[in-house]
1. Can you list residues from other chains, or at least 5 along the same chain, whose modelled amide H is less than 5 Å from the amide H of GLY111?
2. Give me log10 I(q)/I(0) at q = 0.13, 0.14, 0.15, 0.20 Å⁻¹ for segment 38-114, Debye formula, one equal scatterer per alpha-carbon, no solvent.
3. Give me log10 I(q)/I(0) at q = 0.15, 0.16, 0.30 Å⁻¹ for segment 74-119, Debye formula, one equal scatterer per alpha-carbon, no solvent.
4. Alpha carbon centre of segment 75-119 versus segment 40-62: separation in Å?
5. Tally Lys and Arg at +1 and Asp and Glu at -1 over the other residues with C-beta under 11 Å from the C-beta of CYS59: what net charge comes out?
6. For segment 35-112, which GluC sites (Glu not before Pro) are both in a DSSP coil and crowded by at most 16 other Cβ atoms within 10 Å?
Amino acid sequence: MATAKPVRRNKAAGRRFRWSRIVLLLGLLAALTAWFYRDTVMAQATAGTAYGARVACSCRFIGGRDLKDCEKDFEPGMALVSLSEDEAAKSVTASVPLLSSQTATFREGYGCVLEKWDE
């Protein structure tokens, strides 16, 4: 009578399978969290870029300071907001990558005015 050989499992393959399930579960959890907070994040990004554009435009075209120096006027927590300027149009655009972008333009007699928001 033949005896059955014990089945040997590959421990490394089992660990990889377990880790891949954990990573997949964490990715799914991150995606669900991002979806749940999407409105809050978009609203904060829009408000932050609008504030950044307006403050930087005033600093640059009314105060006459360099755009890099204007970033010092930002509130704490605005590290993701980046600035760019259009010297000819006298405007500053603030953006948070992939989320929001707002532009403020200097108008004589009015100061720096935000462009109309698209909602």
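Every number here is computed from the coordinates shown, using simple stated rules; none is lab data. Quick caveat: nothing in here was measured; it's all calculated off a predicted structure. All Cβ positions, glycine included, derive from the backbone under ideal geometry; neighbour counts span all protein chains shown.
1. When sequence neighbours closer than 5 places are left aside, there are no close amide H contacts.
2. Treating every Cα as an identical point scatterer, log10 I(q)/I(0) equals -0.34, -0.39, -0.44, -0.76.
3. -0.43, -0.49, -1.13
4. 6 Å
5. Working: positive: ARG54, ARG60, ARG65, LYS68, LYS72; negative: ASP66, ASP69, GLU71, ASP73, GLU85.
Net local charge, CYS59 excluded: 0.
6. Details: sites: GLU71, GLU85, GLU87, GLU108; in loops: GLU87, GLU108.
Counting only loop positions with at most 16 other Cβ atoms within 10 Å, the GluC sites (Glu not before Pro) in segment 35-112 are GLU87, GLU108.
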